[in-house]
Each structure stands twice: as C-alpha cells, then as structure tokens.
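Below you'll find the structure, written out as structure tokens, and then a few comments.
A short reminder: the numbers here are calculations on the coordinates, not readings from a lab. Worth saying up front: this structure is predicted, and the values here are computed from it rather than measured. When we count neighbours, we look across all protein chains shown, and the Cβ atoms used for this are built from the backbone with ideal geometry, even at glycine.
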Amino acid sequence: MFDFIIGFLITISLLLMIFICIVIVRAVLFVPGNKVSSKMNHKEQCDVHSMILLNKEKIIDDMSAMLKCKTVSYRDESLMDMKEFTKFQTLLQERFPEIHKKAKLVKIGKTGLLYHIKGKKSDAPTVCMTHYDVVPADETQWEKPAFEGITEKDEIWGRGAIDTKSTLCGVTEALEIMLKNGYVPSNDLYLSFSGEEEIDGSSCPEIVEYLEKAGVKPAFVLDEGGAIVDHVFPGVSKECAIIGTGEKGSVNYELEVMSGGGHSSIPPKHTAAGEISRAVCRIENKPFKRQLTKPVLEMFDTLGRHSTFAYKIIFANLWCFAPLLDILARKSGGELNSMLRTTAAVTKLEGSNAYNVLPPKASCGINVRLMGKDTVDSALSHFNKVVKNSKIKAKVISGTNPSIYSETNCKQWEMLEEVIKKTWQDVIVTPYMMPARSDSGHYCKISNYVYRFSAMKLSPKERAMTHGHNERISTDNLLKVVEFYIRLLERV
Ligand SMILES: [Zn+2]
C-alpha cells in the first residue's frame with residue numbers, strides 16, 4: 001500500500017514537472033515574428049520625405065470647413081437638416097476639383113457618394129470607406145462650439161473631428177494631391193461615403209448593392225475602426241495599431257410581462273416589475289458561453305508575444321489556461337469579457353408610473369453584442385431558456401448578426417501592415433474584434449478583405465471624445481492621416 005502511494009506521488013510529480021516544463025518552454029518560445037520590418041533604410045526615409053509635400057494650411061482649412069457642416073443624422077430622419085448634407089457635398093466639389101474632374105461620381109440613396117477612379121486594371125479594386133454624418137452634440141457641455149471648426153493651439157475642434165471627418169479629409173486630400181501629380185491607381189479605386197452611418201441608414205447598403213450589380217468584387221476595403229493605441233493589452237506598453245477584422249452583431253431585445261395591475265396595498269407575491277427584475281438577474285448571472293474567435297485568437301497570438309513573461313505563460317498556453325482567462329473575464333467584465341463572448345447589457349427598464357399602482361406591464365430592453373456562432377435567433381432562445389418564466393415574452397426589436405472574419409494571411413494584410421509601419425514606426429500591428437458596429441459590415445457581402453482602421457493615434461482621452469464632449473483632433477494627427485492615405489493609395 002505504502003509503495004503504491006509513493007509510486008502514485010512520484011507519477012503525479014513527474015506529470016506536474018512535465019506540464020510546467022511544457023508551459024514554460026512554450027512561453028519562452030512565444031516571441032514576435034519578423035514579418036514586416038518597421039525599420040526603414042535611409043533611401044526609403046528620403047523617398048517618403050520627398051514624396052510627401054503637404055500643404056498644412058489647406059488641409060487644416062478643409063477640415064475646419066468640413067466640421068462647420070452640421071451633418072447630424074437622427075433616427076427620426078425628419079430632424080435631419082438635408083441642406084447641411086448638400087453643403088458638405090458642394091464643399092467636396094469646390095475643395096477637391098481634381099477628384100471631381102477625374103472620378104465618376106454616383107449619388108446613391110439619400111446621402112451616399114460613390115467616386116470611381118479608373119485604374120490601370122479593374123480585377124482587384126480597392127474601396128476606401130468613410131462617413132460624413134455625425135452624432136448630435138450637447139453644446140452646453142462643450143468648451144468650444146461644436147460646429148465652427150475652431151483651430152486653436154494646433155487642435156481642430158468639432159463634432160466629427162475624430163469620428164470620422166478626419167479619415168474623409170485624409171483620403172480626399174491624399175487623392176487630390178496624387179491626382180494633381182498624375183496618379184493613376186494600379187487598380188480601380190472607389191471612395192464610398194455615407195451620410196447615415198450613425199443611424200444604420202440605407203445609403204451604404206445601397207452602395208454595396210450597386211457595386212454588387214456592377215460585378216465589383218473589392219480586393220481591399222478600408223473603413224474606420226481601430227487606431228494606434230497604447231496600454232490596451234495586458235503587459236504590452238508599446239503602441240499598437242489595432243485593425244478590426246471582424247465586428248460583433250448588435251441586436252435589441254425586449255422582454256415583457258403583463259399583469260392585472262391593481263392597488264399596491266394588496267400586492268401579489270411578485271409584481272410584474274419583480275418578475276422582470278428576476279429575469280434581469282438570471283440573464284446577468286448566466287452569461288453567454290466563451291468563444292475564442294479568429295480575430296481574438298490572432299490578437300492574443302500577436303500581442304501576447306510582446307507581453308511580459310507572466311502573461312506569455314497564459315497566452316502561449318491557452319490550451320490549458322483559456323478557462324482561467326474566462327474566469328478573469330467574467331469577474332472583470334469590460335473589454336476582456338467583450339472579446340471572449342456575446343454580451344448582454346440590460347439598458348431599459350419600465351414598470352408602473354406611480355408608486356401606489358401595480359404595473360399592468362413591466363418590460364426591459366437588452367442590447368446584445370453577438371459574436372462567433374451566436375445569432376439573433378440563438379440569443380433569443382438563450383434568454384427564453386435562462387429566464388425560466390413562461391409569462392415573460394421575449395422578442396427581437398432589431399439587429400444584425402456578427403460579420404464574417406476578414407483574411408489576414410494575404411498580401412492585402414501585409415500591404416496594410418507595411419503602410420502603417422512606414423507611417424508610425426515601431427508599432428505592433430494586430431487584428432482585433434470590433435465590439436461596435438459600423439457600415440463596413442455591409443461590404444462583407446462582396447469582399448473577404450474588409451479592414452477597420454482609423455488611421456490616427458488616439459489616447460484614451462481622445463477615444464472618449466468619440467460621441468462625447470469636446471471632440472477635437474491635433475493637426476499633427478490629421479497630417480498623419482493624409483500621409484497614411486498617400487502611402488496606401490500608392491500601393492493599390
Ligand atoms: Zn464613425
């Protein structure tokens with residue numbers, strides 16, 4: 001018996017040592033690859049400088065003029081001031097004459113603009129997407145007016161400065177300069193601008209439909225999305241260019257329970273509001289299952305290699321540490337959790353409108369961000385299952401399924417990575433899963449090469465300005481956007 005216990009303990013110790021060795025060796029070998037060199041030789045550096053002669057004053061002035069257009073989109077479209085949208089379109093015509101001379105412009109839907117520049121070939125077209133509508137601004141909370149394009153201390157203020165008149169300005173400035181210098185793209189080039197992105201409007205899907213009918217299959221699509229950011233991944237302090245290669249679906253659900261109402265002095269055991277509250281607790285306590293999707297695995301694989309050794313142990317060994325990561329994610333919530341699963345946020349609650357009246361109806365609204373295998377329908381089944389209350393009726397209000405995942409093992413990805421590394425030296429380029437929705441999802445219908453990257457450096461403070469107060473962009477940042485697009489257009 002004693003021999004058996006000793007033998008057992010020795011076996012366990014050996015297995016444990018083998019396990020520890022495997023984990024440590026994998027972590028030691030988990031180092032960055034060397035795909036694209038971020039170091040430029042002297043000749044390349046000179047080429048870049050001689051190539052880019054930007055007219056800083058013109059770019060700032062154009063951007064400021066764009067921000068003066070009050071292109072605010074509302075779900076109640078009767079509130080939209082269409083004159084401002086027309087003003088923006090006229091501004092593009094006036095300020096970018098070369099583009100308007102050399103491109104074919106088709107106006108699609110209510111606000112869509114599709115510019116087509118014929119390339120030397122047409123078999124691998126590129127689409128640069130962006131949108132010129134903005135969300136409303138509560139100007140009482142702003143330090144400066146939100147629609148006057150004020151430039152002060154090298155910053156341009158205005159709603160849309162980051163989201164995303166900056167990328168629109170960047171791509172149009174770049175193309176205008178290049179066309180003036182005789183640029184002809186190697187392949188067909190499209191600029192696809194929508195004025196209803198913030199309200200999930202129909203212009204972008206209509207543009208995609210138009211292209212699909214014309215048989216256009218984009219070989220490369222770039223839209224807003226990630227940016228150059230830092231301190232977004234555990235143990236990595238270096239700047240990272242995060243490129244959305246997939247985006248979550250977004251769907252709204254309503255759960256509702258009816259009751260007879262009545263006076264609150266003689267309440268039932270559970271009021272309708274109580275029943276709904278219990279459903280909310282059950283939903284929050286029973287999160288969706290963990291899923292390691294392609295963009296997230298690729299991000300862990302890229303950034304994990306640049307992380308500290310303690311984190312490398314986890315990210316190099318997800319085969320055994322994924323459950324641990326999941327526990328951490330569920331406990332912390334927030335970004336890590338949103339990368340690993342479909343999330344459900346209960347955002348609306350309604351019951352009685354008086355203290356002494358039992359609610360005849362109670363309801364809650366849930367915004368769900370779908371990921372991986374989860375769909376609009378499967379999440380509805382999930383709610384019905386976890387709520388365990390046949391009196392509660394769950395229904396879908398509106399929503400979309402998650403996008404497909406874009407290719408990363410291809411020359412398009414390598415090209416984007418190279419352009420980024422030449423514009424911002426020494427950054428780590430990584431795929432990531434966008435938790436928010438954008439118009440780019442529509443292009444997934446006609447392309448497997450859709451990338452979401454807002455070509456600018458954004459601090460946490462600047463990221464908070466998107467849809468927040470005091471939105472502004474530094475002039476240096478804006479010039480970099482133009483630089484980025486010049487390098488990109490040279491390669492397409
Ligand atoms: Zn946007």
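Placing unit charges on the Cβ atoms of the charged side chains and taking the dipole of the chain about its Cα centre, the candidate lying farthest along the positive direction among PHE19, THR423, LEU168 is PHE19. Computed about the Cα centre, the dipole magnitude for the chain is approximately 1260 debye when only Lys and Arg (+1) and Asp and Glu (-1) carry charge, each at its Cβ. Count Lys and Arg as plus one, Asp and Glu as minus one, and take only other residues whose Cβ is under 11 Å from that of TYR449; the net charge is then +1. Pairwise Cα separations in the stretch 71-139 fall into 10 Å bins from 0 onward with the following percentages, short to long: 16, 44, 27, 12, 2.
Computed over the alpha-carbon atoms, the stretch 274-336 gives an Rg to Rh ratio of 1.12, Rh here being the Kirkwood radius from the mean inverse distance.
Rounded to the nearest 500, the 222 nm mean residue ellipticity of the chain from helices alone is -13000 deg cm²/dmol, with -39,500 (n - 2.57) taken per DSSP H run of at least 4 residues. Taking 30 Å as the straight-line reach from the Cα of LYS361, the lysines in range (excluding those fewer than 8 positions away in the same chain) are LYS269, LYS286, LYS348, LYS385, LYS388, LYS391, LYS393, LYS395.
What helices does the chain hold that run 30 Å or longer along their axis, going by alpha-carbon atoms, with a Kyte-Doolittle average of 0.5 or more, using DSSP H for the helix calls? Sorted by number, the helices that extend far enough and score high enough are 2-29.
Here the dipole of the stretch 394-471 is about 240 debye; that uses its Cα centre as origin and unit charges on the Cβ of Lys and Arg (positive) and Asp and Glu (negative). Over the chain, the alpha carbon radius of gyration divided by the compact-protein estimate 2.2 N^0.38 Å works out to 1.12. For LYS121, the aspartates and glutamates whose Cα falls under 17 Å of its own Cα, not counting residues fewer than eight places away in the same chain, are ASP188, GLU490.
In terms of its Cα atoms, the stretch 100-240 spans 47, 40, 32 Å along the principal axes, sorted from long to short. Using C-alpha pairs below 8 Å separated by at least 6 residues, the relative contact order for the chain is 25 percent. Measuring spread by the Cα atoms of the stretch 247-399 yields a radius of gyration and Dmax of 19.4, 63 Å.
Taking only the alpha carbons of the stretch 215-310, we obtain Rg and Dmax values of 23.1, 68 Å in that order.
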